[in-house]
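**Q** Quick one: the structure is below, and I'll ask about it shortly.
The values are calculated or read from the model by the stated rules, or taken from the named source; none is laboratory data. The shown structure was predicted, so the numbers you read here are calculated from the model rather than taken from an experiment. Positions of Cβ are generated from backbone atoms using ideal geometry, with glycine treated the same way; all protein chains shown enter the neighbour counts. Note: areas computed on protein heavy atoms with side chains; ligands, DNA, RNA excluded. Shrake-Rupley method; radii C 1.70, N 1.55, O 1.52, S 1.80 Å.
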Amino acid sequence: MLCYFCAYLDRVNVSFAALTMNRDLGLSAAAYGFGAGLFFLGYVAFEVPSNLILERVGARRWIARIMVTWSLVSGATAFVTGETSFYLVRLALGLAEAGFFPGIILYLTYWFPARERARIVGTFMVAVPLSAAFGGPVSGLILTAADGALGLAGWQWLYLIEAAPSLVLGVLALRVLTDRPAKADWLTADERAGLAARLAQDERPAEAERPLSAALLQPRLLGLALVYFGLSTGLYAVGMWLPQIVSGFGLGPLATGFVSAAPYGAAAAVMVPWTRRSDATGERAWHTGGPAIAAGLALGVASQASGPLVSILALGAAAMGVFAALPTFWTLPTALLSGRAAAGGIALVNAVGGLGGFVGPSLMGWIKDATGRFDHALAAVGLLLVAVGLLAARLGRDIARRGAAA
């Protein structure tokens, strides 16, 4: 959770840096949106290979490598000088971080049985809205208080200061993480054997025998990748632009940070209870699709809102819906695949979702430059979320029936 907290902060702090960085570098809305989204092209390019490497060399070493690398690249963003260098650093940051999130999802399958995974993934993923809720005020404070110190702008200090915890945690991960239960000397022999027996019940021998390429081309898995594309588009379309939407209400950087934190605070409050409910009932389809549909409808309301209060409330409802859907969603591909197929399949789904991270911010920037407004972009993303919510419900029911038949 601590690692993901810092990873997400380093991934999206560009949205706060943009409040002053865009002016200093002469970036248009379209250029900023394209550069923010370029992170995900680098991320996608190395996603599947990264997860396969993690399975081979172990989570401890590979996650530590990822964290140290991305912290250095994130800090280097402080020294970009224009569009080209901004684009290159964002692309490099995606390459550096590729494999972290799907690697953790795979890592959790080594430790937790399937019937507990919605709660566990939800607990892990609550780091994301907490990171955004905490990072908003802190980023606003750095932009205001550090501006001009040692000749650097506030946005430059923002990148340098917020990259440091990731570097420290990368070193700690190498010492703290244990690759698999069999290597856990902090468990007794009976505890290791008992956990291994519980996890073995989730294994699918047929998947282990199936070629990796065949496993990755399953229609259900490709459908899940499309669902995650829609969820990621919604998450990052709003996340990368929320500070600029809020600052458009006439607020300064510090106030923008606090107001932007509110939707994420609400999302953090709902994630864990929702995933606990999914585990308690064993229902996955509508626990994924329902919140996605609600988020899409909320963005539709936000696109038509006539005042700041309604806009913030609607954006908060959209954030709650997306973040409630995300952890339950990850129970679906892990229920469909196991073994090496799970390593590749989880990475493939996350890679396609990463394209949504590119499309969302880029679409928002392009429409903002073309129309001078955000409402049309919010409505378009809302429709996409409704569509993938319906698809998630359909796929979730199919996977549940398949599991029952097996």
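**Q** Sorted by accessible area with a 1.4 angstrom probe, largest first, how do 286, 241 fall?
**A** The residues order as 286, 241, largest area first.
**Q** Hey, what angle do you get for helix 14-25 against the long axis of the chain, alpha-carbon based, 0 to 90 degrees rounded to 10?
**A** 40
**Q** Continuing with this model, one more query. At a Förster distance of 45 Å, what's the computed FRET efficiency of residue 152 paired with residue 1, Cβ-Cβ distance as r, to 0.05?
**A** E(calc), rounded to 0.05, equals 0.90.
**Q** Taking Cα atoms of the range 14-107, Rg/Rh with Kirkwood Rh, to two decimals?
**A** Ratio of gyration radius to Kirkwood radius: 1.05.
**Q** To continue, here is another question. Pairs of alpha-carbon atoms within less than 8 angstrom and 6+ residues apart define the contacts here; what relative contact order does the range 1-96 have, in percent?
**A** 42
**Q** Sticking with this one: Provide the gained length on full extension for the span residue 366 to residue 258, in nm with one decimal, where the gain is 0.36 nm per separating residue minus the Cα-Cα distance.
**A** Gain on extension, residue 366 to residue 258, equals 36.2 nm.
**Q** Calculate what fraction, in whole %, of the accessible area of the range 259-341 sits on carbon and sulfur atoms when a 1.4 Å probe is rolled over the protein chains.
**A** That share works out to 70 percent.
**Q** Right, another one. If Rh is defined by the Kirkwood formula over all Cα pairs and Rg also comes from Cα, what ratio Rg/Rh do you get for the range 104-263?
**A** Across the range 104-263, the Cα-based Rg/Rh ratio is 1.09.
**Q** Would you please give the FRET efficiency between residue 200 and residue 269, computed as 1/(1 + (r/R0)^6) with r the Cβ-Cβ distance and R0 = 41 Å, to the nearest 0.05?
**A** Efficiency, rounded to the nearest 0.05: 0.70.
**Q** Would you kindly state how much longer the chain becomes between residue 182 and residue 28 on full extension, computed as 0.36 nm times their sequence separation minus their alpha carbon distance, in nm to one decimal?
**A** 50.2 nm
**Q** Just from its helices, what would the mean residue ellipticity at 222 nm be for the chain, if runs of 4 or more DSSP H residues each count -39500 (n - 2.57) and the sum is divided by every residue, rounded to the nearest 500 deg cm²/dmol?
**A** Here the helix-only value at 222 nm equals -27500 deg cm²/dmol.
**Q** Which option, (1) 145; (2) 177; (3) 124, is the value of volume of the Cα convex hull per residue in Å³ that was calculated from these coordinates?
**A** (3)
**Q** Percent of accessible area on the range 20-121 owned by carbon and sulfur, 1.4 Å probe?
**A** The computed percentage sits at 66.
**Q** Continuing with this model, one more query. Assuming R0 = 30 Å, what is the FRET efficiency of residue 397 and residue 373, from their Cβ-Cβ distance, to the nearest 0.05?
**A** 0.20
**Q** In nm, give the distance between the simple-model label positions of residue 387 and residue 306, each being 7 Å from the Cα along the Cα-to-Cβ direction.
**A** Each label point is offset 7 Å from its Cα along the Cβ direction, giving 3.1 nm.
**Q** I've got another one for you. Which of 219, 327, 263 moves the most in a Gaussian network model of the chain with Cα springs under 10 Å?
**A** Fluctuation is largest for 219.
**Q** Moving on. If eta is 0.890 mPa s and T is 25 °C, what Stokes-Einstein diffusion coefficient results for the range 104-150, Kirkwood Rh from Cα pairs, in µm²/s?
**A** This corresponds to a translational diffusion coefficient of 187 µm²/s.
**Q** A further question on this structure: May I ask you to rank 349, 301, 89 by accessible area, largest first, using a 1.4 Å probe over the protein chains only?
**A** Listed by decreasing accessible area, they come as 301, 89, 349.
**Q** At a probe radius of 1.4 Å, what is the per-residue accessible area of residue 306, in Å² to the nearest 10?
**A** 120
**Q** Could you state the accessible area per residue of the chain in Å², with a 1.4 Å probe and every protein chain left in place?
**A** Counting only protein heavy atoms, the per-residue value for the chain is 39 Å².
**Q** Continuing with the same structure: Just need the relative contact order of the range 327-406 here, percent rounded to a whole number, with Cα pairs under 8 Å and 6+ apart.
**A** For the range 327-406, the relative contact order is 31 percent.
**Q** I'd like the projected area of the range 5-47, averaged over all directions, using the convex hull of its alpha carbons. Report it in nm² with one decimal.
**A** 3.4
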